[in-house]
Amino acid sequence: MKILIKRGRLIDPSQNLDIVGDLLIEEGRIVGWERNIEISEKVELIWAEGLWILPGLVDIHVHLRDPGEEWKEDITSGTLAALYGGVLRVACMPNTKPPNDTPEVTNYIIKKAQEKGWVKVLPIACITKNQEGKELTEFGRLKRSGAVALSDDGRWVQNSELMKRALHYAKNFDLPVISHCEDHSLTEGGQVNQGKMSAKLGLKEIPAMAEVIGVIRDLLLAKDTNYPVHLAHISSKEVLPFLRWAKEEGIPFTAETCPHYFTLTEKEVENYNTLAKVNPPLRGEEDVYAIKQALKEGIIEVISSDHAPHSELEKKVEFEWASFGMLGLQTLFPLSLNLVREEILSPLKLAEYLILNPSKILKIEPPSFKSNVLAEVILVSPYEKYILTEDLIKSKSKNTPFLNQELQGRVKKVILKDKIYDL
Ligand SMILES: [Zn+2]
Ligand SMILES: [Zn+2]
């Protein structure tokens, strides 16, 4: 079958491409793009005037909760939410139950994703056994079974000597290392950002300093081992001068943030709204501004969702007892699109942050419009406004502060290999 997409805005960061033109797909593979493609044979014609055509998004930071917490999400529901969000490759974090610290769990995830998943799943394995920060996992075996990266996300590897060794070994196996930067000795029992809101609500605070210390230590270890560290979900303005310093020093690192850190402030947790309880916590207005500037500057060059489903069991409870995290797969694109509307990023730059850069970090070929690659194509309306109702959310959980809010920017169609999904 041939599919011809006509007159869409083709945006492919791997080729620095941003033109209005046509894209031809045959038997699940990209044939190529031109300003105008005319063919006489029978084709499935998709008229795409006013739509953006992008390679599928690559989300480097997702919690699928499978195995072990399938009442919140599982590989099927999580990858369906991904499909609806235009995310065609999902890197999933290892803090499942049991955690992904053995080839058995990695194999389980890969097999289930192949059998019951909607999009490609790339498992991230633990740095340390049971994420306890005591003993390293077996990097070589994990890589051979299909793990694409290492992380103890949710926990920081507090022991510096162990993290240094982790970077050394990861280098031997060419496995990317993703760090959740948080000095736990400063955040024990913490609930919200240290500042106005923690004082007002009388909740134990999480200081930005905990993130800063985590980042500085990891940058120093990256320098010492000469092996890059990927810094997950940067949230606070205090981190940014150190990232600039590290760039100047030539320290190998990359940094990511998530839409909630450039969209929402700690004001959201007023009234003890557990849907806005995340870790790291939502910060102040100045942080939101600074994160946007860092994206503009390119010092932060990846946007991930940190999709973290929780059911009402974990969220409809007192604030102190509520779990950290919010959904993100279906809001990743519309919220990130605000950066284009605010002229912080060009559409091409945004695509780079959502597709190309996460692929580079994971050392995978990015989805693209190059000829002969597998078709992973999304068609999005950047202008369409809609309300994010419960019905639209494909996750098993509904924990997002954007529930029943208006979003702008919607994935309309996905072409994945030889399948076309009308969303
Ligand atoms: Zn984390
Ligand atoms: Zn996470």
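The values are calculated or read from the model by the stated rules, or taken from the named source; none is laboratory data. What you are looking at is a predicted structure, and each value in this text was computed from that prediction instead of being measured. Quick reminder, even Gly has a Cβ in these numbers, built from the backbone with ideal geometry, and neighbours come from all protein chains shown. Protein only, heavy atoms only, side chains kept; ligands, DNA and RNA dropped before computing areas. Shrake-Rupley method; radii C 1.70, N 1.55, O 1.52, S 1.80 Å.
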Residue match in the stretch 296-305 (condition: touching a Pro at 6+ places or on another chain (Cβ under 8 Å), within 15 Å of ligand 2 (Cβ to nearest atom), among the polar types (S, T, N, Q) and in the same structural domain as residue 72 (by TED's automatic domain parsing)): yes
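Just a yes or no: is a residue in the stretch 191-203 within 15 Å of ligand 1 (Cβ to nearest atom) and modelled with pLDDT of 95 or more? Spell out how you get there, then give the answer.
To start, the set of residues in the stretch 191-203 that are within 15 Å of ligand 1 (Cβ to nearest atom) comprises none.
Checked against the condition, which is being within 15 Å of ligand 1 (Cβ to nearest atom) and modelled with pLDDT of 95 or more, the stretch 191-203 yields no hits at all.
Just to confirm my filter: which strands (runs of 3 or more DSSP E) fall fully inside the stretch 20-108 and include at least 1 residues that are buried (at least 19 other Cβ atoms within 10 Å of the Cβ) and within 16 Å of ligand 1 (Cβ to nearest atom)?
Qualifying strands (runs of 3 or more DSSP E): 57-62, 87-92.
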Residue satisfying all of: in the stretch 236-257; of a type in the set (A, V, I, L, M, F, W, C) and open to solvent by 50 Å² or more (accessible area, probe 1.4 Å); nearest to ligand 2 (Cβ to nearest atom) among these: 242
Tally of residues being more than 22 Å from residue 210 (Cβ to Cβ) and within 16 Å of ligand 2 (Cβ to nearest atom) across the stretch 140-157: 2
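Residue 327 - would you say it is in contact with a strand residue (DSSP E or B) (Cβ under 8 Å, 6 or more places away or on another chain) and surrounded by fewer than 22 Cβ atoms within 10 Å (Cβ to Cβ)? Can you show your working first?
Values: in contact with a strand residue (DSSP E or B) (Cβ under 8 Å, 6 or more places away or on another chain): yes; surrounded by fewer than 22 Cβ atoms within 10 Å (Cβ to Cβ): no.
Judged against the criteria, residue 327 is not a match.
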Hits in the stretch 282-302 - residues which are of a type in the set (S, T, N, Q) and open to solvent by less than 10 Å² (accessible area, probe 1.4 Å): none
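Restricting attention to helices (runs of 4 or more DSSP H) lying wholly within the stretch 208-272, give those where 3 or more residues are touching a Ser or Thr at 6+ places or on another chain (Cβ under 8 Å) and on the phi < 0 side of the Ramachandran plot.
Details: elements: 208-225, 240-249, 259-263.
Output list reads 208-225.
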The stretch 207-224 residues that are more than 23 Å from residue 188 (Cα to Cα) and open to solvent by 20 Å² or more (accessible area, probe 1.4 Å), paired with ones that are of a type in the set (Asp, Glu) and in a helix (DSSP H, G or I) (beta carbon under 9 Å, 6 or more apart): 223/249
Lone qualifier among 310, 233, 260 - being of a type outside the set (A, V, I, L, M), within 16 Å of ligand 2 (Cβ to nearest atom) and over 26 Å from residue 360 (Cβ atoms): 310
Members of the stretch 100-151 that are touching a residue at least 40 places away in the same chain (Cβ under 8 Å) and of a type in the set (A, V, I, L, M, F, W, C): 109, 118, 119, 121, 122, 124, 127, 142, 147, 148, 149
Breaking point among (1) farther than 30 Å from residue 201 by Cα; (2) within 16 Å of ligand 1 (Cβ to nearest atom); (3) open to solvent by 10 Å² or more (accessible area, probe 1.4 Å), for residue 279: (1)
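Got a sec? Which of 305, 311 is open to solvent by less than 40 Å² (accessible area, probe 1.4 Å), hydroxyl-bearing (Ser, Thr, Tyr) and under 15 Å from residue 353 (Cα atoms)?
Going through 305, 311 in turn, the sole match is 305.
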Some residue of the stretch 176-186 being among the polar types (S, T, N, Q), within 16 Å of ligand 2 (Cβ to nearest atom) and touching a His at 6+ places or on another chain (Cβ under 8 Å): yes
Meets criteria (free of Cβ contacts under 8 Å to residues at least 60 places away in the same chain, among the small types (Gly, Ala, Ser) and under 16 Å from residue 123 (Cα atoms)) for residue 78: no
The listed residue being among the hydrophobic types (A, V, I, L, M, F, W, C) and either within 16 Å of ligand 1 (Cβ to nearest atom) or under 18 Å from residue 306 (Cβ atoms) (or both), out of 150, 175, 142, 167: 150
